[in-house]
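No lab work stands behind these numbers, since they all come straight from the coordinates. Here the structure is a predicted model, which is why all the values come from computation and not from measurement. For neighbour counting, all protein chains shown are included, and Cβ atoms are generated from backbone atoms with ideal geometry for every residue, glycine included.
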């Protein structure tokens with residue numbers, strides 16, 4: 001079983017739609033959680049950190065459910081520029097520097 | 001300031017040749033990481049350097065892979081006797097010593113082994 005699992009998609013949605021991605025992780029002692037965004041043939045960039053209390057940044061909301069070991073990302077009012085691959089990232093217990101990446105969920109926002 | 005710089009951006013080589021990839025981290029960042037990303041896959045951790053501490057080499061897939069870093073400066077990833085399965089994008093990232101582990105990535109080196 002992979003340490004971090006994501007639905008590869010693609011999620012194909014119209015502009016203005018709300019879309020949600022989930023990610024599950026296998027190690028219950030994982031410490032930190034992030035969403036990164038990767039555009040086609042580009043490097044990953046941090047989108048947002050995920051906190052236990054949940055956090056929001058504009059149209060983006062991230063949630064963490066430690067009991068069920070999943071992380072979610074909600075995007076409201078999708079824009080064409082949101083088209084990208086969204087990578088779920090986890091820091092394992094006892095290794096604050098290491099990041100474990102999921103394979104990513106691809107989002108396509110159409111006009 | 002400048003971001004993480006990697007060179008070359010593309011490298012085509014023949015099976016069996018050695019290649020050397022270079023990473024120049026963000027100035028002042030003490031931590032440096034190498035990852036491999038195969039087509040359509042997530043990032044695989046290869047190696048981590050933190051200052052002058054011993055590196056974490058636990059992700060290197062075989063003894064054909066090695067990496068060096070002098071102090072907190074440039075790092076090189078060397079792949080000896082390249083194989084076709086080494087074809088991938090090799091990404092370098094750096095992060096500051098303090099604060100959350102937010103890593104800043106370079107644009108990567110796309111390696112193609114023929």
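Considering Cα pairs under 8 angstrom that are at least six residues apart, work out the relative contact order of chain A and quote it in whole percent.
37
Mind checking the alpha-carbon convex hull of region A:20-85 and giving the volume per residue in Å³?
Working: hull volume 6.0 nm³, N = 66.
Looking at region A:20-85, the number lands at 91 Å³ per residue.
Assuming 0.36 nm per residue, please report the length gained on full extension of the stretch residue A:46 to residue A:95 beyond their Cα-Cα distance. Please list the in-between numbers first.
Working: separation 49, 0.36 × 49 = 17.64 nm, distance 1.91 nm.
Length gained between residue A:46 and residue A:95: 15.7 nm.
State the Kirkwood hydrodynamic radius of the protein assembly as shown in Å, one decimal place, computed from all pairs of distinct Cα atoms.
Numbers: mean 1/r = 0.0549 Å⁻¹.
Mean inverse Cα-Cα distance, inverted, gives 18.2 Å.
Provide the FRET efficiency to the nearest 0.05 for the residue A:81-residue A:22 pair, computing r from the beta carbons and using R0 = 22 Å.
0.45
Using Stokes-Einstein with the Kirkwood hydrodynamic radius over Cα pairs, what translational diffusion coefficient do you get for chain B at 25 °C and a viscosity of 0.890 mPa s, in µm²/s rounded to a whole number?
174
Normalise the Debye intensity by I(0) for region B:41-102, one equal point scatterer per Cα, no solvent, then take log10 at q = 0.17, 0.22, 0.30 Å⁻¹ and round to two decimals.
-0.66, -1.05, -1.58
Once you've got the GNM for chain A with C-alpha springs shorter than 10 Å, pick whichever of A:67, A:17, A:93 has the biggest mean-square fluctuation.
Most flexible of the set in this elastic network: A:67.
Any chance you could list the semi-axes, whole Å, largest first, of the equivalent ellipsoid that the Cα gyration tensor gives for chain A, using √(5λ)?
23, 14, 12
So, in nm, how far is label residue B:13 from label residue B:38 when the simple model puts each one 7 Å beyond its Cα toward the Cβ?
Each label point lies 7 Å from its Cα, and together they span 1.8 nm.
Rounded to the nearest 0.05, what FRET efficiency is calculated for residue B:78 and residue A:59 with R0 set to 35 Å and r the Cβ-Cβ distance?
The formula returns an efficiency of 0.20 here.
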